[in-house]
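*Asks:* I am attaching a structure below and will ask some questions about it afterwards.
None of the figures in this text is laboratory data; all of them are computed from the coordinates on show. All values reported here derive from a predicted model rather than from experimental measurement. Positions of Cβ are generated from backbone atoms using ideal geometry, with glycine treated the same way; all protein chains shown enter the neighbour counts.
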Ligand SMILES: Nc1ncnc2c1ncn2[C@@H]1O[C@H](COP(=O)(O)OP(=O)(O)OP(=O)(O)O)[C@@H](O)[C@H]1O
Ligand SMILES: [Mg+2]
């Protein structure tokens with residue numbers, strides 16, 4: 001399979017404090033990969049390093065092109081969508097305005113309109129609430145908006161940082177079904193950060209376990225689910 005995102009010997013630091021150490025990780029075209037680990041393991045930092053929000057060293061290739069020297073803006077323009085933890089929607093703006101902001105770097109009006117209606121097909125509730133202020137949406141709706149906004153930039157890889165955080169189980173189930181559909185129907189690759197390992201492993205093709213900034217295990221999601229000692233050591237049962 002073709003590596004869409006290939007990370008080799010990545011290190012990253014906040015100032016002088018190094019938080020990622022010699023990481024190797026890859027996501028294949030059309031694949032869902034899960035990045036798992038305890039609080040503080042470095043999951044958010046990994047996504048931030050990929051997106052260029054954190055100073056990093058090493059090699060990050062996206063669609064065969066080095067992106068580790070590029071700015072956040074340039075990485076996004078090449079097709080990496082990032083839905084940060086805490087969602088980051090603009091609360092004072094409407095749903096529609098938030099979605100339009102996602103397409104701010106695009107000028108293909110027809111394509112933008114087409115993508116907007118596709119997003120409303122996936123998330124009908126966003127259409128129902130299109131004039132509502134984003135800050136007044138429920139947590140689940142805000143997460144959907146955050147994903148929708150990222151999709152408006154037409155990414156081929158989506159980085160999702162704990163999309164299930166704070167949401168009721170039924171809402172999470174619906175959201176994850178949509179992630180699966182986006183992957184299958186649109187060919188969207190996903191790198192998913194999750195605390196809920198079972199949820200993530202059910203969705204993912206392969207998974208990486210991160211411990212204090214180091215990948216300690218990688219393999220197919222199925223293999224990790226079957227591995228009792230890994231499960232006990234890292235996934236809490
Ligand atoms: N802005 C920052 N400045 C300095 N250190 C930071 C900063 N943000 C995170 N860190 C440190 O980097 C390490 C990794 O944090 P990170 O947020 O990537 O972990 P995480 O796996 O996403 O955790 P969580 O599950 O709690 O979201 C932690 O030790 C954290 O204290
Ligand atoms: Mg985090």
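*Asks:* Just to be sure I understand, how many residues within the stretch 209-224 are within 20 Å of the chain's Cα centre (by Cα) and in a helix (DSSP H, G or I)?
*Replies:* Residues flagged as within 20 Å of the chain's Cα centre (by Cα) and in a helix (DSSP H, G or I) within the stretch 209-224 amount to 1.
*Asks:* Do we find a residue being surrounded by 16 or more Cβ atoms within 10 Å (Cβ to Cβ) and either without any contact (Cβ under 8 Å) to a residue 24 or more places away in the chain or in a strand (DSSP E or B) (or both) anywhere in the stretch 160-177?
*Replies:* Checked the stretch 160-177: at least one residue is surrounded by 16 or more Cβ atoms within 10 Å (Cβ to Cβ) and either without any contact (Cβ under 8 Å) to a residue 24 or more places away in the chain or in a strand (DSSP E or B) (or both).
*Asks:* Quick check on my filter: what residues within the stretch 39-51 are more than 24 Å from residue 73 (Cβ to Cβ) and more than 7 Å from ligand 1 (Cβ to nearest atom)?
*Replies:* none
*Asks:* Where residues in the stretch 15-47 are in a loop (DSSP other than H, G, I, E, B) and under 14 Å from residue 190 (Cβ atoms), which of them is nearest to ligand 2 (Cβ to nearest atom)?
*Replies:* Applying the filter and picking the extreme gives 31.
*Asks:* May I ask you to verify whether residue 105 is outside any helix (DSSP H, G or I) and surrounded by 18 or more Cβ atoms within 10 Å (Cβ to Cβ)?
*Replies:* It is false that residue 105 is outside any helix (DSSP H, G or I) and surrounded by 18 or more Cβ atoms within 10 Å (Cβ to Cβ).
*Asks:* Let me ask you something else. Sort out which residues of the stretch 100-135 are under 22 Å from residue 164 (Cβ atoms) and in contact (Cβ under 8 Å) with a residue 40 or more places away in the chain, and write them in order of number.
*Replies:* 102, 122, 123, 134, 135 - these are the residues of the stretch 100-135 that are under 22 Å from residue 164 (Cβ atoms) and in contact (Cβ under 8 Å) with a residue 40 or more places away in the chain.
*Asks:* Follow-up. Listed residues 230, 215; which is closer than 26 Å to residue 155 by Cβ and buried (at least 16 other Cβ atoms within 10 Å of the Cβ)?
*Replies:* Only one candidate qualifies: 215.
*Asks:* Could you list all residues from the stretch 58-99 that are part of a strand (DSSP E or B), within 25 Å of residue 17 (Cα to Cα) and touching a residue at least 60 places away in the same chain (Cβ under 8 Å)?
*Replies:* Within the stretch 58-99, 82, 83 meet the criteria.
*Asks:* Looking at the stretch 48-57, which of the residues that are part of a helix (DSSP H, G or I) and closer than 12 Å to residue 19 by Cβ is nearest to ligand 2 (Cβ to nearest atom)?
*Replies:* 48
*Asks:* When you look at residue 114, is it in contact with a helix residue (DSSP H, G or I) (Cβ under 8 Å, 6 or more places away or on another chain), over 21 Å from residue 207 (Cβ atoms), away from ligand 1 (no atom under 16 Å from the Cβ) and not in a strand (DSSP E or B), yes or no?
*Replies:* So residue 114 fails the test.
*Asks:* Go through the stretch 126-145 and report how many residues are within 22 Å of the chain's Cα centre (by Cα) and either farther than 12 Å from residue 175 by Cα or assigned to a loop (DSSP other than H, G, I, E, B) (or both).
*Replies:* 5
*Asks:* Which of (1) more than 14 Å from the chain's Cα centre (by Cα); (2) in contact (Cβ under 8 Å) with a residue 24 or more places away in the chain; (3) within 16 Å of ligand 1 (Cβ to nearest atom) is the odd one out, the single condition residue 29 does not satisfy?
*Replies:* (3) is the only condition that residue 29 fails.
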